[in-house]
Structure formats: structure tokens, C-alpha cells
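The values are calculated or read from the model by the stated rules, or taken from the named source; none is laboratory data. Because the structure is a prediction, the values reported are computed rather than measured. Cβ placement follows ideal geometry from the backbone for every residue including glycine, while neighbour counts extend to all protein chains displayed. Note: areas computed on protein heavy atoms with side chains; ligands, DNA, RNA excluded. Shrake-Rupley method; radii C 1.70, N 1.55, O 1.52, S 1.80 Å.
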Amino acid sequence: MRLAAARLATPLIGAVWLAGCATTTFGPPEVVPGYLASAQLAELVAAVPQPPALTGTEQAQDVALSERLRTLEDTDRWWMATAHAELRPPEAAQHFDCLLGTRLAAKPRPALNRLMGRLLADSERLTVDLVARHPRLRPLAADPARRACQRLNEATRKSPTSYPAAGAVAGAAYGALFADLAPDRAEASRQMGREIGLSRAICATNWLSDVQAGAALGEALYDAAASQPEFATDLAAARLEIASARAEGATNPSCASERLALTQGRAIMAD
């Protein structure tokens, strides 16, 4: 996709996108523990490879792709990436509305919220450890003129916390989760999990290699969490909520924008 074609969205479309992702808040979010013990988290951390060297082929590829992704600024895919910055339940569940043909935030889904919250807790514990071990500047720091798709203070822009991409860890874990919750939409769910990670590169908060490392870690995190005894109980309860939500017949008004956004993003990645 060329630059002129990529800039199809307008501020109005962006406003509609964000409005479509808005939700009713049903009280403060529940604070939940993760599924994994410290030793299990340490095993996952140890398996993550080093980030690319500051000079080298992979870094050059990251820079080139990041520059291409700038053409998505102010398109539907840009607004989608902005919405993807929200990883907390219940709001984050809406990223999977369109592929499921439902509107998950229309009613409280306590089992789903708890399951997603516990996966997010493990994801955050992992990434806090890893970014301290593997400092790497964000694209926003490498190019101070680069626009962010969300509000960031200078300390966050310049912090060496790009690797691995935290959003990609959570996104991949969520994608694997929804694949289990709705097996008939398994591949679409996993793909949406990957799109959540890619959004961090579109927003210039992470390089593509950060996103790739995060996605691999998120999948490993989900596999480890799913092996825990209490996970099966939480999954069964959430599966009932998903089935109920899909039977309600509600839809998310941002789905047309989502389809266009995904087309825009895939065209850029294919170039």
C-alpha cells in the first residue's frame, strides 16, 4: 500500500473507532494474582534471547520497518493501535468482539475478567524483569520527532524498556486464551493477539523484533498458565460467559473500521 492509499482515515473515523471501543465500567477492576510461581516465571525469563545488537542486520531491519509503519499514522490501523494500548479487562476483551460477533463489555463477565487479569499479572511480572535485564531504547527515543499514538511523558519515551514488547506478551496470551474459549474462531483469535502486539510497533513504542520476542513469550506464558490446576476451573467458567455473550446478538459498532484497519496494516507489512 502506498502512502496516499494508507491515509484513508480521518479524525472523525478515529473518533468513531474510539467511541466504539468505549465501555461501561462495572466498579473497580479486581486485583488478582498471576497463575505462575516465581520459579516458573524465572524459567520463562531465562529462555528469552538477547535483543538485537545496536548495530547489525536485525537492527537495520527494525529501523526500516518502523519507518514504513509511519505511513499508517492517522489511518484506521493507527486508531486501532491506540485502542490496543488498553490491555486491562474488561476493556481489553473488546479487542475480540468483532471476530466473535459479540460485545463482551455489554454485561459483566467476571470469570473472563479474572482469567484475563491473572494472565496480565503474569505478563507484567515477566516484562518488568526482562526489560531490566535487556535495556533497549524505543523507536520514539531513537527518533524524537516520531509521533506516539498515545500520551507519553518524556521519561517513558526515553526509557530503555522496549524489549520485549509488553503489549505483545499480553496480546499473544490473550489470543491463545480466546482460541481456547471459542475453538471455532481459534486462528482468528491468535491472529488478533498478534495484531495487538504489532500495534506497539505501529505506535513506535517497540521495534518489530521486540514484538516478535514478546509474542513468543506470551504464547509460552499461556501454555505454562494453562498447566496450573486452577486454570481449568477459570477457563470453564469463562467459556460459559463467552457462549452466553455470543448468543446475546450484540455487536461492536467499530467492526467496519476494524476490517479496514487490518487490511491497511497487512498491506504495509506485505510491501
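Side notes on the structure shown:
- Over region 34-161, accessible surface divided per residue gives 45 Å², non-protein components excluded, 1.4 Å probe.
- Taking every DSSP helix (H) stretch of at least 4 residues in the chain, weighting each as -39,500 (n - 2.57) and dividing the sum by the residue count yields a mean residue ellipticity at 222 nm of -19500 deg cm²/dmol.
- Given R0 = 41 Å, the distance between the Cβ atoms of THR57 and GLU86 translates into a calculated FRET efficiency of 0.75.
- Relative to the 2.2 N^0.38 Å rule of thumb, region 144-214 has a C-alpha radius of gyration ratio of 1.23.
- Ligands, DNA and RNA are left out, and with a 1.4 angstrom probe the accessible area of region 170-271 is 37 Å² per residue.
- Where labels lie 7 Å past Cα in the beta-carbon direction, separation of ALA226 and ALA64 in nm: 3.5 nm
- Diffusion constant of the chain at 37 °C, which comes from Stokes-Einstein with the Kirkwood Cα-pair radius and 0.692 mPa s, µm²/s: 175 µm²/s
- Dipole of the chain [Lys/Arg +1, Asp/Glu -1 at C-beta], most positive-end residue of ALA173, LEU36, PRO229: ALA173
- The fraction of accessible area contributed by carbon and sulfur in the chain is 60 percent, rounded to a whole number (1.4 Å probe; ligands and nucleic acids excluded).
- Computed 3J(HN,Hα) for region 250-260, one whole-Hz value per residue from the Karplus formula 6.51 cos²θ - 1.76 cosθ + 1.60 where θ = phi - 60°, is 7, 9, 8, x, 8, 5, 5, 5, 5, 4, 5, glycine and proline marked x.
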